[in-house]
Structure formats: structure tokens, C-alpha cells
Amino acid sequence: MNIDAKSWVSGMAAIGAGLAAIGCIGGGLGTGNAAGKAVEGVSRQPEASGKILSTMIIGAALSEVTSIYALLVALILIAKV
């Protein structure tokens, strides 16, 4: 069974795009975990809510960047196919 190079690259690019799309799950889990811990922190120390929420927003933004990169890689690989 012989597979030509173009079919091999297309198949591997599709598999890689699927695996890269799994990276989007990490952003959701990270953001959800950060939001949950921020709510716990605010419930324990309501006077520190401004500081806690601003730190959470920065952390959530950094967490979402990883899923945006994973989506970008998946789209680049799909465009290659």
C-alpha cells in the first residue's frame, strides 16, 4: 500500500488540527478555575474585591490567549489541507 506525499501531509495536517483544537479546552478550564477561585477570595475578603477581580481578569486574559493560539494553529493547518 503506497501513500503519496500529498495525501500523507493532508492527513497529518488534519490530525494536527484536531489535536490543536483540543488545546482550546485548556483556556476554558483555566478561566473557569480562575473565576471560581476569585469568587472564593471575594467571599472571604470582600474588602479586597477590586484587587482580586483585576488580578483575575489579567489571569483570564492570559489563559484565553493559549486557546486563541491553539485555534490559530488549527485554522492554519486546516487551510493547508
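The values are calculated or read from the model by the stated rules, or taken from the named source; none is laboratory data. Quantities reported herein were computed from a predicted structural model and do not represent experimental measurements. Cβ placement follows ideal geometry from the backbone for every residue including glycine, while neighbour counts extend to all protein chains displayed. Protein only, heavy atoms only, side chains kept; ligands, DNA and RNA dropped before computing areas. Shrake-Rupley method; radii C 1.70, N 1.55, O 1.52, S 1.80 Å.
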Considering residues that are among the β-branched types (Val, Ile, Thr) and in contact with a Ser or Thr (Cβ under 7 Å, 6 or more places away or on another chain), the number found within the stretch 25-81 is 3
Given the criteria in contact with an Asp or Glu (Cβ under 8 Å, 6 or more places away or on another chain), modelled with pLDDT under 90, part of a helix (DSSP H, G or I) and open to solvent by less than 90 Å² (accessible area, probe 1.4 Å), does Gly27 qualify?
yes
Boolean, Ala5 is in contact (Cβ under 8 Å) with a residue 24 or more places away in the chain and of a type in the set (A, V, I, L, M, F, W, C)
no
Restricting attention to the stretch 30-54, the residues that are open to solvent by less than 90 Å² (accessible area, probe 1.4 Å), among the polar types (S, T, N, Q) and over 19 Å from the mean Cα position of the chain (by Cα) number exactly 3
Boolean, Ala79 is under 30 Å from Ala14 (Cα atoms), in a helix (DSSP H, G or I) and open to solvent by less than 80 Å² (accessible area, probe 1.4 Å):
no
The condition of being assigned to a helix (DSSP H, G or I) and free of Cβ contacts under 8 Å to residues at least 12 places away in the same chain holds, among Ile22, Ile68, Ile15, only for Ile15
